[in-house]
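Undergrad: First the structure, which I've put down as structure tokens, then a few questions once you've had a look.
The values are calculated or read from the model by the stated rules, or taken from the named source; none is laboratory data. Nothing here was measured: the structure is a model prediction, and the numbers come from that model. Ligands, DNA and RNA are excluded from the accessible area calculation, which covers all protein heavy atoms including side chains. Shrake-Rupley method; radii C 1.70, N 1.55, O 1.52, S 1.80 Å.
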Amino acid sequence: LPLHHSFTSTPSMFDIHSKIFLVVSGYYPPIVGGTSTVIRNLLSAFRTDSYAVVSESPHALDGTHNNAVHEGVRVTRVGARLSWLQHVPYGTNLMRRARFAAIPRIAKIIGQVAHEINAERIIAVHPSWPFFIAALQAHRATGIPLTTYHMDITPQPGASSDQITIDCSGHERDAISSASNRLVLSEALKTVFEQRYGLPFISIPHAISVP
């Protein structure tokens, strides 16, 4: 696959040359966030017929990204209209739980899209636990090789009192041990993850152009 010149310094970044791959990311334009921008910019290095994206529905979260999805990209959206819950008592917690409850449905859709495009690799992007966990489940169900891409650090057990975060740390370990390749956003994260898990990680630049 032809890569944009700014990424050729890491030719094995997704280990997907001449392969079709499926990116699973809860954040992707028009959803606002740094992860959306990073994934959009990284994917601009590839032909749009070489990958597809499974992401959260834009109406599930507030805001609109400044950059549009590249023309020709197949994007499958999953999610319910949940942003209104932020304005009711305990709504944020309810919204969070509703997103986690959707994991089996997300995993099923990932498997369907992967089959339709003949995907040879699933790329699971963190943060966004529901989609990251669903990608792991889809990998197990389909046998399609998994690559993880981490843009943040999960607190170590004992460092967080949030039960969902504690539970998710186990899923992170499972995904990392199952992955054929493990990517991180920076050299600093690479050091942290390699020390934590004792496995090799590849640092991929954030791909955001700073004026």
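Undergrad: If we keep just the residues of region 198-211 that are open to solvent by 70 Å² or more (accessible area, probe 1.4 Å) and modelled with pLDDT under 90, which is farthest from ALA175 (Cα to Cα)?
TA: PRO211
Undergrad: A further question on this structure: Provide a single number: the residues in region 54-80 that are open to solvent by less than 50 Å² (accessible area, probe 1.4 Å), modelled with pLDDT of 85 or more and assigned to a loop (DSSP other than H, G, I, E, B).
TA: Matching residues across region 54-80 total 1.
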